[in-house]
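Have a look at the structure below, then the notes.
Values in this text are rule-based calculations from the coordinates and carry no lab data. This one's a predicted model, so the numbers in the text were calculated from it and none came from an experiment. Here Cβ is always computed from backbone atoms with ideal geometry, including for glycine, and neighbour counts include all displayed protein chains.
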Amino acid sequence: MRFIYFEDFELDQDLALDLLVVSDKYLLPELASKCERFLVESLAQDNIVKVVLETDHLGFENLRKGTLNFAQRNLDSMRIRKDFGELPQEFISDLDKLCEKSKQKNNFIDY
């Protein structure tokens, strides 16, 4: 409620995840945007799986891109994590496509 009246509040990961669901349900785009930004900026090895599991089905495109880019940049260490297998198959498939696209982009011959 504080956001609706004041738009000024502190976020942490759990609150941002909860408010993202609320913002989707009650159509609060400014709140959703703030939560997305916070979650992307605070992605880390120890929270990305939780963020993906709790938000991927909501369809927030900026958050989806942010989690995919983070996972791609940290792929080697991500794959050895115990919880990597918990990621949705669609996310892993999109991650593989992103990695393949990146490889193709970087495999050019310079004469």
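Computed over the chain with a Gaussian network model linking Cα atoms closer than 10 Å, the most mobile of ILE48, ILE80, ILE92 is ILE80. For the Cα atoms of the chain, what angle does the longest principal axis make with the long axis of helix 29-41, in degrees from 0 to 90, nearest 10? Its long axis makes an angle of about 50 degrees. Straight-line reach from LYS25: taking Cα to Cα under 16 Å and skipping same-chain neighbours fewer than 8 places apart, the lysines in range are LYS34.
What ranking of GLU61, GLU86 emerges when the number of other C-beta atoms within 10 Å of each C-beta is taken as an exposure proxy, fewest first? Intermediate results must be reported in sequence, preceding the final value.
On the way: GLU61 8, GLU86 11.
Final ranking by Cβ density, sparse to dense: GLU61, GLU86.
Axis of helix 13-25 versus longest Cα principal axis of the chain: the two differ by about 80°, to the nearest ten degrees. For the range 2-103, the dipole from Cβ point charges (+1 on Lys and Arg, -1 on Asp and Glu) about the Cα centre works out to 420 debye, to the nearest 20. How far apart, in nm, are two points set 7 Å out from the Cα along the Cα-to-Cβ line at SER102 and at ASP18? Reported label-point gap for SER102 and ASP18 is 3.4 nm.
The value of relative contact order for the chain, using C-alpha pairs under 8 Å at least six residues apart, is 21 percent. Tilt of helix 61-73 relative to the longest C-alpha principal axis of the chain, in degrees (0 to 90, nearest 10)? It works out to around 40 degrees. Put in line by how crowded their Cβ is, counting other Cβ atoms within 10 Å and starting with the fewest, PHE38, PHE84 read PHE84, PHE38. The residue list PRO88, SER23, PHE60 was ranked by how far each Cα lies along the charge dipole of the chain toward its positive end, using unit charges on Cβ atoms, and PRO88 comes out on top.
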